[in-house]
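Read the structure below first, then the notes.
The values are calculated or read from the model by the stated rules, or taken from the named source; none is laboratory data. Just so you know, these numbers come straight off a predicted model, no measurement behind them. Here the Cβ positions follow ideal geometry from the backbone for every residue, glycine too, while neighbour counts run over all protein chains shown. Surface accessibility is based on the protein's heavy atoms, side chains included, excluding ligands, DNA and RNA. Shrake-Rupley method; radii C 1.70, N 1.55, O 1.52, S 1.80 Å.
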2 protein chains.
Amino acid sequence: MDQTHRRKGRAARRTEPPARVVNYRRLRHPFAPQKVLTDDAVARMHEMALKVLEDLGLRVLLPEARRLYAAGGAIVDEDTEMVRVGRDIVMAAVATAPKSIRLRAVNPDRELSYEDGAMIFSPAGGCPNATDRIRGRRSGDLATFEETLKLHQSFDVIHKLGPSAEPQDVPANLRHYAMMRGQLTLSDKPVFVYARGRGQVEDSFEIIRLANGLSEADFTDGSWCTTVINTNSPRQIDKPMAEGIIDFARAGQMSIITPFCLAGAMAPVTVEGALVLQHAECLAGITLAQLAKPGAPVSYGGFSSNVDMKSGAPAFGTPTHIRMAISTGQLARHVGLPWRSAAGSAANVADMQAAGENHMGLWANLLANATLTIHSAGWLEGGLTFGYEKFINDIEALQTLAELCTPLASPQEELAWDAIADVQPGGHFFATGHTMERFDSAFYAPLVADLSNFGTWEAAGARTATERATAIWQRLLAGFCAPEGSAERGARIADFIARRSTEGGAAPRG
Amino acid sequence: MDQTHRRKGRAARRTEPPARVVNYRRLRHPFAPQKVLTDDAVARMHEMALKVLEDLGLRVLLPEARRLYAAGGAIVDEDTEMVRVGRDIVMAAVATAPKSIRLRAVNPDRELSYEDGAMIFSPAGGCPNATDRIRGRRSGDLATFEETLKLHQSFDVIHKLGPSAEPQDVPANLRHYAMMRGQLTLSDKPVFVYARGRGQVEDSFEIIRLANGLSEADFTDGSWCTTVINTNSPRQIDKPMAEGIIDFARAGQMSIITPFCLAGAMAPVTVEGALVLQHAECLAGITLAQLAKPGAPVSYGGFSSNVDMKSGAPAFGTPTHIRMAISTGQLARHVGLPWRSAAGSAANVADMQAAGENHMGLWANLLANATLTIHSAGWLEGGLTFGYEKFINDIEALQTLAELCTPLASPQEELAWDAIADVQPGGHFFATGHTMERFDSAFYAPLVADLSNFGTWEAAGARTATERATAIWQRLLAGFCAPEGSAERGARIADFIARRSTEGGAAPRG
């Protein structure tokens, strides 16, 4: 649901109050970035990360990537596949990595500036399963994937797409065609491409060019898609990930380097130790991108939290997660790069835990001034499942935060002297002119929150926020209209996809 | 449940990792106070509030209070009961109001410094009803009131008591005896007294003195109890509230002046206008306290939010609520006083809305650096109901925030060089010495969050966070032990309460 309610036409009565106008499309952080580490600690962690890369190095499984590192001056041991990268190489890469990246979209009004101060949200990503109150928990399939895209498209506060459900009923060698078609016909927002090998990535780039009628030069004028690169923490980059970094860099598309450093599991158990490792791996990925193509768009990234030390399960929205998000922001700003973070939840159902964990993560990223917060809506089970009702409730949280991005201008009339003077002691302001002029536009209108009293709520069925959310996603899906130009984009990519499918598609990189 | 897990005894094996030690008793805000208003806007709002008091004035229903204002130099019209207070009188009061107040408790280890930078939480207050999953929604009674006290006492992150349920089965003229007895025998934390007229207040003060064996001088050495004073916005102070301000001030006990300025209802519809009114009323209350006794402990307070403009129902956790909390902090700091704020929820049940709204309010108060956040746990239905399961889930949120108050010291060993060097690429840190030394103490242990995977969770009954919370409060109530000295305190107040009850108690002030 596009929350932009336009002002009513000129024919409306002059006394009619202005309708609420909101714009959640390009948000800037409302609060200054906070700190949980001293500047001195940040500097020491940065130094240690450079030392990790220089003295210990990391294992890079793709020969092509090792060649790039070697050509850039790194010390490569082909037997062990270990690459040691000097700090001069790393810092030269940081220097050429762009500080502001234009994220392009089918609809120019959906474009984003990926830079410090921007506040960008993307939905739950990487979920193999989906769940809702009507159909229950199930493996992701194409129909579900397309439904999630419709939900993403329905809210302006979701700024770019992410793979909320895996279409597992589509064979792996053809799946990327279905995912690109879905994104380009059901949405007009910046798209996501999985880095699952060169074949799929090049197909996906070609589909974007065809859909939008782009020349090669057009395609590299800003980034038309993004991918997420997860290192195999600790200190390893696997083949599809390394290839993804190289291919995206060469094509001028943004990869988001994101070690997934769970403290106590794939990373040291302390916040500081996990972040040293995260920072080192992140810098290694950024360096590879810049060695592939200097100036290539690439994002610093972090998604660190702790594990439950009893079960080894990842935890989200915890004190450790909050601290890691804020301190990742400190490290990203230390090297001067925009960066991605994440919210999320380990809850198995859309309940108070799910809401609480996600709120903790969202506020952490607000205090961290994260450029991009991934998994900001719909993530359940630590990412194993996309929850329809959770998505709707999370949108309420995102919209609430988005509202804070409009500064209070506080002109004198907002201080309401006349209204205060007019209303007698013990009276009320419902009927004052000051209120009447503003009553339709003063406050955020809740999406799923029910503010009615207990009796009214009970008489209406005593439905929880989770239950009410069902009706909302059902209504959105039932009333969905594809964005302008969808049919044309679908037509422009149909032949290519048909031909490539006949040719056998492209298998994921092993 | 006291979350302080002590270190294990000396007899423990030397290789045993240290247990987790936490202390949630005296928290300091971890982040700098944020702003949503420019300093200039704050100054203009303060000026306008002074002008409201000076030019428009407020209606004060209690003759004794009007006499105090008049004696202090205010212009009083006995016919209209209007009091106009000059800015010199107001600013003199602000100057004598203490900036740091010692909140005393039965247990000295529960004492609090009520001052800028402190982060104090109190539970849901003022609820006529209570609800839980076993017994359903019901009117508050004494048994419920006493249960809520046991729950408050069970968590260190609840720093002072509040009236979470109204014991409506106790006659109004005797109810304050039951409420004081409950607080002083079931808890050792700072207590709350309702300002429902001089008779009840003086009885309550005497019960505190008797329970603790305090002389008059002891009783006024710090504040042994607190009350909340709600003005009748707009611009009115009723009799019991005015009397409460006077009685608490004269007895050296802290009253918390809290206009409840719902924007669009009892206050102007704009954030700025509502806060001008709130600030004016708050300063009027503080002035009355200082006129009654210069230097008396009194707190600035605010609990402003918006109403749903369709139903007129109060809303919480909204963008307006967040902004008002943060800007109230700006106004309180403008006059240099510690202050109270509030979280809360309008939800009718312990669901995602309830969790979301409370998290929004809690983070708002964190960014606002609220000295005291009232209604921080258990508030449902905009305060009409205390929810047992909501209380437990809210405690998880409070404990998560409390964890952030311990600074990261970041000594070199926390950066984990040896661990990073020891673990091979693609390996894991579960078994490293660095992890083993810390695994039992590294992370916050969740109270109600369930981090198990879907299969395990489903096999265990697929219970939501709300359902799991039931077992927690049941266990806490079943295993509750009264704090040290409870029986003695109960014995010391028994005769007084019996005598006063025979005499007819004290009816609430009309």
**Item:** Number of the exception - A:Ala459 against (1) within 9 Å of chain B (Cβ to nearest Cβ); (2) more than 38 Å from the chain's Cα centre (by Cα); (3) within 28 Å of A:Tyr388 (Cβ to Cβ)
**Value:** (1)
**Message:** I need a count of the residues in the range A:33-50 that are without any contact (Cβ under 8 Å) to a residue 12 or more places away in the chain and either facing chain B (nearest Cβ under 9 Å) or aliphatic (A, V, I, L, M) (or both).
**Reply:** 3
**Item:** Selected residue (criterion: nearest to B:Ala459 (Cα to Cα)) from residues of the range A:316-329 that are more than 9 Å from chain B (Cβ to nearest Cβ) and among the small types (Gly, Ala, Ser)
**Value:** A:Ala325
**Message:** Given the condition farther than 19 Å from B:Leu476 by Cα and open to solvent by 30 Å² or more (accessible area, probe 1.4 Å), answer yes or no: does some residue in the range B:175-188 qualify?
**Reply:** yes
**Item:** Selection count where residues are free of Cβ contacts under 8 Å to residues at least 60 places away in the same chain and either crowded, with 24+ Cβ neighbours inside 10 Å or among the polar types (S, T, N, Q) (or both), scope the range A:120-143
**Value:** 1
**Message:** Quick check on B:Lys150: is it over 14 Å from the mean Cα position of the chain (by Cα), open to solvent by 10 Å² or more (accessible area, probe 1.4 Å), more than 18 Å from B:Thr470 (Cα to Cα) and among the basic types (Lys, Arg)?
**Reply:** no
**Request:** Within the range A:453-500, count every residue that is among the hydroxyl-bearing types (Ser, Thr, Tyr) and loosely packed, with under 14 Cβ neighbours inside 10 Å.
**Result:** 1
**Item:** Residue ID - most open to solvent (accessible area, probe 1.4 Å), chosen from residues in the range B:330-377 that are of a type outside the set (A, V, I, L, M, F, W, C), at negative phi and away from chain A (no Cβ under 13 Å)
**Value:** B:His334
**Complete:** By my count, helices (runs of 4 or more DSSP H) wholly in the range A:423-510 with at least 2 residues that are closer than 30 Å to A:Ala195 by Cβ are A:465-478, A:486-502
**Request:** Please give the number of the condition A:Cys261 fails out of (1) within 21 Å of A:Gln290 (Cα to Cα); (2) surrounded by 24 or more Cβ atoms within 10 Å (Cβ to Cβ); (3) within 14 Å of chain B (Cβ to nearest Cβ).
**Result:** (1)
**Request:** Mind listing whichever residues of the range B:92-108 are touching a residue at least 24 places away in the same chain (Cβ under 8 Å) and either of a type in the set (Phe, Trp, Tyr) or open to solvent by 60 Å² or more (accessible area, probe 1.4 Å) (or both)?
**Result:** B:Thr96, B:Lys99, B:Ser100, B:Arg102
**Request:** Of the conditions (1) assigned to a loop (DSSP other than H, G, I, E, B); (2) farther than 14 Å from A:Gly426 by Cα; (3) out of contact with any Phe, Trp or Tyr (no Cβ under 6 Å at 6 or more places or on another chain); (4) facing chain A (nearest Cβ under 10 Å), B:Pro234 clears all except one; give me its number.
**Result:** (2)
**Request:** Output the residues belonging to the range A:295-309 that are more than 19 Å from the chain's Cα centre (by Cα), within 23 Å of A:Ser255 (Cβ to Cβ) and open to solvent by less than 10 Å² (accessible area, probe 1.4 Å).
**Result:** A:Ala296
**Asked** In the range B:48-58, what count of residues is obtained for those that are under 29 Å from the mean Cα position of the chain (by Cα) and open to solvent by 30 Å² or more (accessible area, probe 1.4 Å)?
**Response** 0
**Prompt:** Restricting the range B:295-309 to residues that are out of contact with any Leu (no Cβ under 7 Å at 6 or more places or on another chain) and part of a loop (DSSP other than H, G, I, E, B), which is farthest from the other protein chains (Cβ to nearest Cβ)?
**Reply:** B:Gly295
**Asked** Quick one: which of B:Ala292, B:Ala267 is in contact with a Leu (Cβ under 7 Å, 6 or more places away or on another chain) and either open to solvent by 10 Å² or more (accessible area, probe 1.4 Å) or polar (S, T, N, Q) (or both)?
**Response** B:Ala292
**Long-range neighbours under 8 Å by Cβ, at least six apart or interchain, first residue at negative phi within the range A:485-503, second exposed (fewer than 11 other Cβ atoms within 10 Å of the Cβ)** = A:Arg492/A:Gly213
**Item:** Lone unmet requirement of (1) modelled with pLDDT of 95 or more; (2) open to solvent by less than 10 Å² (accessible area, probe 1.4 Å); (3) under 20 Å from B:Ala274 (Cα atoms) for B:Arg323
**Value:** (2)
**Request:** Could you list, in sequence order, all residues of the range A:59-83 that are surrounded by fewer than 17 Cβ atoms within 10 Å (Cβ to Cβ), within 14 Å of chain B (Cβ to nearest Cβ) and outside any loop (DSSP other than H, G, I, E, B)?
**Result:** A:Asp77
**Item:** Flag for B:Ile256 being within 21 Å of the chain's Cα centre (by Cα) and in a helix (DSSP H, G or I)
**Value:** no
**Request:** Would you check if B:Gln399 is under 22 Å from B:Arg26 (Cα atoms) and facing another protein chain (nearest Cβ under 9 Å)?
**Result:** yes
**Fill in**
Of the conditions (1) more than 8 Å from chain B (Cβ to nearest Cβ); (2) touching a residue at least 24 places away in the same chain (Cβ under 8 Å); (3) assigned to a loop (DSSP other than H, G, I, E, B); (4) open to solvent by 10 Å² or more (accessible area, probe 1.4 Å), the single one that A:Gly312 does not satisfy is (1)
**Message:** From the list A:Phe386, A:Phe391, A:Phe439, A:Phe429, exactly one residue is surrounded by 22 or more Cβ atoms within 10 Å (Cβ to Cβ) and at the interface with another protein chain (Cβ under 7 Å from one of its Cβ atoms). Which is it?
**Reply:** A:Phe429
**Item:** Of the criteria (1) facing chain A (nearest Cβ under 8 Å); (2) within 25 Å of the chain's Cα centre (by Cα), which one B:Leu408 fails
**Value:** (2)
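Which of the residues that make up the range A:51-73 are among the small types (Gly, Ala, Ser) and either touching a Phe, Trp or Tyr at 6+ places or on another chain (Cβ under 8 Å) or free of Cβ contacts under 8 Å to residues at least 24 places away in the same chain (or both)?
A:Ala70, A:Gly73
Just name the residue that is surrounded by the most Cβ atoms within 10 Å (Cβ to Cβ) out of those in the range A:215-228 that are without any contact (Cβ under 8 Å) to a residue 40 or more places away in the chain and touching a helix residue (DSSP H, G or I) at 6+ places or on another chain (Cβ under 7 Å).
A:Cys225
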